[in-house]
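What follows is a short report on a single structure.
Any read-out appearing in this document is the output of simple, stated calculations on the displayed coordinates, not a laboratory observation. All values reported here derive from a predicted model rather than from experimental measurement. Cβ: placed from backbone, ideal geometry, glycine included. Neighbour counts: every protein chain shown.
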Amino acid sequence: MKQWVAVFVAAFVCVATLVADEAPELKSLSGTWSKQAGEFEVEFAFKGEKLAISLKRGSDKLILDSDVAVSRDGRVFGRVAVVTEDGIAGGGDKGELFTFNAKVSGKSVTVSELRGTNVSDDARKLVEGEFKKK
């Protein structure tokens, strides 16, 4: 009986380790993703637990550096840490919270259901949609 308990515990530890290491949500988002939204290029750059959201129009840009976490079902939760406005203003403030769904499929990610502290319909139109891996 003790042997079965030991086998069960060992199997449980192996499975738990695989599940814990499997958190592919953040790993699968790693890298840079971009899309065109009218005159703007929108870019998400995931690196570890950081996300830089860039909005570019010609030489003008707005960058939101954020701390993020991703749930097992692909929901991204973030908090803006630094706002850099260079020709584009009104992108948000330090400390604002946001969340969205991110579904990775091959070389694209679909962003949907953007919500946050001061998220407008215009922001949703810019951010939601299909991004391609750079």
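Inspect all residues belonging to the stretch 101-115 and state whether any of them is surrounded by fewer than 17 Cβ atoms within 10 Å (Cβ to Cβ) and at positive phi. The answer is yes; a qualifying residue exists. Evaluation of S66 against the conditions (1) within 16 Å of G116 (Cα to Cα); (2) among the polar types (S, T, N, Q); (3) over 16 Å from the mean Cα position of the chain (by Cα) shows that the sole unmet condition is (3).
Can you report the number of residues in the stretch 116-126 which are assigned to a helix (DSSP H, G or I), free of Cβ contacts under 8 Å to residues at least 40 places away in the same chain and exposed (fewer than 14 other Cβ atoms within 10 Å of the Cβ)?
Restricting attention to the stretch 116-126, the residues satisfying the condition of being assigned to a helix (DSSP H, G or I) are 121-126.
Among the residues that remain, those that are also free of Cβ contacts under 8 Å to residues at least 40 places away in the same chain are: 121-124.
After this cut, where a residue has to be exposed (fewer than 14 other Cβ atoms within 10 Å of the Cβ) as well, the list is 121-122.
Total meeting the criteria: 2.
Among the criteria (1) touching a Ser or Thr at 6+ places or on another chain (Cβ under 8 Å); (2) not in a strand (DSSP E or B), the one A89 does not fulfil is (1).
I'd like the full set of residues that are exposed (fewer than 14 other Cβ atoms within 10 Å of the Cβ) and touching a Lys or Arg at 6+ places or on another chain (Cβ under 8 Å), limited to the stretch 90-100. I'd like the intermediate steps shown before the answer.
Looking only at the stretch 90-100, we keep the residues that are exposed (fewer than 14 other Cβ atoms within 10 Å of the Cβ), and these are 90, 93-95.
The answer is G95, and nothing else.
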